[in-house]
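Reviewing the structure listed below.
The values are calculated or read from the model by the stated rules, or taken from the named source; none is laboratory data. Predicted model only: the values in this text are computed from it and were never measured. When we count neighbours, we look across all protein chains shown, and the Cβ atoms used for this are built from the backbone with ideal geometry, even at glycine. Protein only, heavy atoms only, side chains kept; ligands, DNA and RNA dropped before computing areas. Shrake-Rupley method; radii C 1.70, N 1.55, O 1.52, S 1.80 Å.
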Amino acid sequence: MTGGAKADSYTARMRKSLHRARNAVRKSGVDYFRGDGSDWIALVGLMLTVPGIAFATMAIPVWFAPSALVLPIVAGGLLLRPSSLLSLYAVAATALIVESLVLGPYDQGPATVTPGTVLVVAACGLFGLLIAQFRARVGVPWRRGGTMLFDLRERIRVQSALPRLPKGWHREMALRPAGGQSFSGDFVVAARTNGGRTLEVVLTDVSGKGMDAGSRALLLSGAFGGLLGSLPPHDFLPAANGYLLRQDWDEGFATSIHLVLDLESGEYELLSAGHLPALQLHAGSGRWEEMAGEGPLLGVYDRAEFDPVKGSLLPGDVLMLFTDGLVEASGRDLSEGIDRLSGEADRYVAAGFEGAAWHLIEAVAKHVNDDRALLLICREG
């Protein structure tokens with residue numbers, strides 16, 4: 001083998017070694033971020049921080065108080081597993097003992113280790129250990145937990161997006177969870193079926209509100225999104241009802257309204273599972289009409305039947321679907337809430353309903369402690 005061939009072989013081996021090392025470092029970083037890898041890097045970094053804080057406390061105690069040891073302890077409660085956290089606590093306790101020996105008894109000046117300092121450090125350590133144990137039990141480390149919640153929220157938002165409609169149609173939706181939270185028990189799934197000619201929209205209100213109903217709403221929105229368009233329209237609610245019954249939840253019922261709209265003719269069917277009626281604005285008369293299908297709540301009765309109501313959207317007509325958070329209130333009849341909603345919607349008849357969904361929620365249910373959802377389908381004149 002010539003010298004040039006040896007050099008090329010050595011260079012190739014070095015490149016392969018560097019490539020393997022780079023992949024190993026990348027995999028280790030990804031695993032650490034996802035919570036699957038070791039936490040030794042964070043443990044070593046925090047353990048090196050403890051003696052640094054202890055040295056600064058003994059050198060310039062006026063600027064570095066002994067209670068500064070709570071900083072790595074709090075960080076460890078967020079970063080480390082319980083077993084690693086105990087090692088950090090042992091190092092912090094040793095540093096606290098050394099500080100107390102060097103600085104002298106606590107009755108000889110303010111910049112010393114007092115019983116209060118020990119209690120503060122111990123309390124922070126206890127809280128950090130409890131947080132780490134809870135996180136380990138759930139199986140979601142802090143590095144991944146926030147990302148996962150953000151991903152869940154975005155999935156709900158994407159699943160609730162309405163498909164683009166052909167020219168001559170306008171659609172919009174507004175969703176407001178209870179208490180200003182990010183998760184809601186109200187959700188929408190929608191799809192264009194029949195070669196894009198038909199719009200199918202399902203608005204569902206899961207029992208409960210806010211975070212309590214958010215996890216069930218996420219599960220149901222994924223299941224309903226898979227069913228929608230995969231079954232004939234009249235089979236959707238029976239299939240959704242059967243799915244909900246199989247979950248056997250303690251609080252497992254939901255209301256739902258299913259719109260099947262022909263985008264060419266404007267004719268539609270509404271199938272309801274214990275949901276509030278929809279409201280249709282007839283452009284010719286300027287009056288709102290309640291459109292209510294018949295059917296029981298989802299998740300209550302086996303082999304439930306859902307009878308549709310039929311209608312037609314002419315140019316200028318508007319169809320409004322909503323959940324009970326917009327119209328129900330203690331001490332007020334349901335019909336009064338519906339009248340108030342339709343009265344507020346009358347203000348947008350002349351100017352058009354673009355952007356009206358959000359403003360209608362603001363007008364009729366801004367401070368209501370319940371999930372609120374409003375969907376508008378408009379056929380332009």
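Show the residue pairs that are 6+ apart or on different chains and have beta-carbon atoms under 9 Å apart, the first residue being within the stretch 162-177 and under 17 Å from residue 203 (Cα atoms), the second being surrounded by 13 or more Cβ atoms within 10 Å (Cβ to Cβ) and among the hydroxyl-bearing types (Ser, Thr, Tyr).
Close Cβ pairs (under 9 Å, with a partner that is surrounded by 13 or more Cβ atoms within 10 Å (Cβ to Cβ) and among the hydroxyl-bearing types (Ser, Thr, Tyr)) amount to 173/160; 175/160; 175/184; 176/184; 177/184.
Looking at the stretch 311-331, which of its residues are touching a residue at least 24 places away in the same chain (Cβ under 8 Å), small (Gly, Ala, Ser), open to solvent by 30 Å² or more (accessible area, probe 1.4 Å) and over 20 Å from residue 380 (Cα atoms)?
Once the filter is applied, which keeps residues that are touching a residue at least 24 places away in the same chain (Cβ under 8 Å), small (Gly, Ala, Ser), open to solvent by 30 Å² or more (accessible area, probe 1.4 Å) and over 20 Å from residue 380 (Cα atoms), the stretch 311-331 yields only 329.
State whether the residues of the stretch 52-66 include one that is within 43 Å of the chain's Cα centre (by Cα), in a helix (DSSP H, G or I), aliphatic (A, V, I, L, M) and at pLDDT 65 or above.
Yes, the stretch 52-66 has at least one match.
Answer yes or no: is there a residue in the stretch 76-87 that is touching a Leu at 6+ places or on another chain (Cβ under 7 Å), part of a loop (DSSP other than H, G, I, E, B) and over 16 Å from residue 128 (Cα atoms).
no
Identify all residues within the stretch 278-310 that are in a strand (DSSP E or B) and open to solvent by less than 20 Å² (accessible area, probe 1.4 Å); write none if there are none.
278, 279, 280, 281, 291, 298
Can you pull out every residue in the stretch 212-261 that is of a type in the set (S, T, N, Q), surrounded by fewer than 18 Cβ atoms within 10 Å (Cβ to Cβ) and within 16 Å of residue 201 (Cα to Cα)?
230
Cβ-Cβ below 6 Å, separation at least six or inter-chain, first residue in the stretch 272-300 and at positive phi and free of Cβ contacts under 8 Å to residues at least 40 places away in the same chain, second open to solvent by 10 Å² or more (accessible area, probe 1.4 Å) and assigned to a loop (DSSP other than H, G, I, E, B): which pairs?
Final answer for the pair search is 274/296; 274/297.
Among the candidates 214, 179, 225, single out the residue that is on the phi > 0 side of the Ramachandran plot and either of a type in the set (Phe, Trp, Tyr) or not in a strand (DSSP E or B) (or both).
Answer to the check: 179.
Identify, please: which residue in the stretch 262-271 is open to solvent by less than 10 Å² (accessible area, probe 1.4 Å) and in contact (Cβ under 8 Å) with a residue 40 or more places away in the chain and is, among those, farthest from residue 312 (Cα to Cα)?
270
Can you find even one residue in the stretch 354-370 that is closer than 25 Å to residue 168 by Cα and either without any contact (Cβ under 8 Å) to a residue 60 or more places away in the chain or in a strand (DSSP E or B) (or both)?
Within the stretch 354-370 (the criterion being closer than 25 Å to residue 168 by Cα and either without any contact (Cβ under 8 Å) to a residue 60 or more places away in the chain or in a strand (DSSP E or B) (or both)), the answer is yes, since at least one residue qualifies.
Could you list, in sequence order, all residues of the stretch 332-353 that are in a loop (DSSP other than H, G, I, E, B) and open to solvent by less than 40 Å² (accessible area, probe 1.4 Å)?
352, 353
Hey, among the residues in the stretch 182-197 that are closer than 12 Å to residue 260 by Cα and part of a strand (DSSP E or B), which one's most open to solvent (accessible area, probe 1.4 Å)?
192
Kindly provide the set of residues from the stretch 309-345 that are touching a Pro at 6+ places or on another chain (Cβ under 9 Å) and at pLDDT 95 or above, ordered by number.
309
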